[in-house]
Amino acid sequence: MDLDAVDPTLREATLAGPKINIDSRFRRRLIARLSGLARGKGYDGVERRVVRDGNVRLRIHTPATPSGAALLWIHGGGLVMGAAAVDDIMCAKTALATGAVVAAVDYRLAPQAPYPAAIDDCTASFDWFVSHADEVGIDPARIAVGGQSAGGGLAAALVQRLHDRGTDVIAQWLFAPMLDDRTAADDSLDATDHFIWNNRSNRAGWGEYLGDSVGAPTLPPYAAPHDARI
């Protein structure tokens, strides 16, 4: 991909970004295991608490003066890598800026835990957040759901699942979300070697999560947000 295609204000950051190669299954499995070793960072003015309760693993960031609002945040990583700890600073800054309590989800990663592990973990985490609202100091009617990349796709799928069961979410906050496995299945898109994350990496991530269902006409419920049947 030509750097001229990138906005001039983003070129320096783009060049500084990592070049991710997850083409081999061995590499994907190694990265998934190493992701669990990520260590977070504290941030002044925000209390951080780690929750482990069954498949619920949350990092809760509480500002000094919480407003009662809340955000359930889901990290990125192409469904095969990443950890909530990596987003500690971003979550803490968001908590300070908004007054919201931010709970970051550590969902299980593919290939060790393919669909529906990640979306089930996100659902369980949302339910834990709601059921412990008084304890963590939030209004359960003021919870937003957000995420980046794979986390953005999981956030969108989670909101669809919650909607279908009659649970209201006040807002979605999605960054570059992975919404559609069909683009990954289109190998004609491989020719463009995008910075950081290309279509081959996209196909590898979706493939570990969905297996042979990538690009299929129909998918299991909430496997990919584009497939919502409304």
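The values are calculated or read from the model by the stated rules, or taken from the named source; none is laboratory data. Quantities reported herein were computed from a predicted structural model and do not represent experimental measurements. Cβ placement follows ideal geometry from the backbone for every residue including glycine, while neighbour counts extend to all protein chains displayed. Areas reflect the complete protein model, heavy atoms only, side chains present, ligands, DNA and RNA absent. Shrake-Rupley method; radii C 1.70, N 1.55, O 1.52, S 1.80 Å.
How large is the helix-only mean residue ellipticity at 222 nm for the chain, computed as the sum of -39500 (n - 2.57) over DSSP H runs with n ≥ 4, divided by its residue count, in deg cm²/dmol to the nearest 500?
Working: 8 runs with 79 residues, N = 230.
Calculated mean residue ellipticity at 222 nm is -10000 deg cm²/dmol.
Taking only C-alpha pairs under 8 Å that are 6+ residues apart, what is the relative contact order of the range 175-227 in percent?
43 percent
Running Debye on the range 4-85 with equal point scatterers at the Cα sites and no solvent, what base-10 log of I(q)/I(0) appears at q = 0.15, 0.22, 0.25, 0.27 Å⁻¹?
With no solvent term, the Cα-only Debye profile gives -0.83, -1.12, -1.21, -1.29.
Could you work out the pair-distance distribution P(r) of the chain from its alpha-carbon pairs, with 5 angstrom bin width and percents rounded to whole numbers?
1, 7, 14, 18, 19, 16, 12, 8, 3, 1, 0
How much accessible area per residue does the range 1-149 have, in Å², with a 1.4 Å probe?
On the way: 7310 Å² over 149 residues.
Roughly 49 Å² per residue, with all protein chains present.
Can you bin the range 47-153 into rounded, prolate or oblate? Criterion: square roots of the alpha carbon gyration tensor eigenvalues sorted a ≥ b ≥ c, rounded for a/c under 1.5, prolate for a/b above b/c, oblate for the rest. Don't jump to the answer; show the numbers that get you there.
Numbers: a/c = 2.03, a/b = 1.54, b/c = 1.32.
Prolate, since a/c reaches 1.5 and a/b exceeds b/c.
Please list 3J(HN,Hα) in residue order for the range 139-146, calculated via the Karplus relation 6.51 cos²θ - 1.76 cosθ + 1.60 where θ = phi - 60°; whole Hz, with x for glycine and proline.
Those phi angles translate into 8, x, 7, 10, 9, 9, 10, x Hz.
Test of the criteria: in the range 155-229, which trypsin sites (Lys or Arg not before Pro) are in a DSSP loop and have at most 16 other Cβ atoms within 10 angstrom of their Cβ?
Of the trypsin sites (Lys or Arg not before Pro), the ones in loops of the range 155-229 whose Cβ has at most 16 other Cβ atoms within 10 Å are ARG165, ARG229.
Under 8 Å for C-alpha pairs, at least 6 residues apart: give me the relative contact order for the chain, rounded to a whole percent.
Relative contact order comes out at 21 percent.
Provide the packing ranking of 108-117, 77-86, i.e. peptides ordered by the mean count of other C-beta atoms within 10 Å per residue, highest first.
Top to bottom by mean Cβ count within 10 Å: 77-86, 108-117.
In the Gaussian network model of the chain, springs joining C-alpha atoms below 10 Å, which of ASP120, ASP106, ASP168 carries the largest mean-square fluctuation?
Residue with maximal mean-square fluctuation among ASP120, ASP106, ASP168: ASP168.
Considering only the chain, what is the antiparallel percent among its DSSP beta bridges, to the nearest 5?
45 percent
Which three numbers, in whole Å and largest first, are the semi-axes of the equivalent ellipsoid of the range 86-204 derived from its Cα gyration tensor as √(5λ)? Can you show the working numbers first?
Details: eigenvalues 168, 55, 33 Å².
Result for the range 86-204: semi-axes of 29, 17, 13 Å.
Round to a whole number: what % of the accessible area of the range 111-165 belongs to carbon and sulfur, probe 1.4 Å?
50 percent
Under 8 Å for C-alpha pairs, at least 6 residues apart: give me the relative contact order for the range 63-198, rounded to a whole percent.
Relative contact order for the range 63-198 comes out at 27 percent.
Given charges of +1 on the Cβ of Lys and Arg and -1 on the Cβ of Asp and Glu, with all other atoms neutral, how large is the dipole of the chain about its Cα centre, in debye to the nearest 20?
Value, rounded to 20: 680 debye.
I'd like the trypsin sites (Lys or Arg not before Pro) in the range 36-97 restricted to DSSP loop residues with at most 15 other Cβ atoms within 10 Å, sorted by number.
ARG39, LYS41
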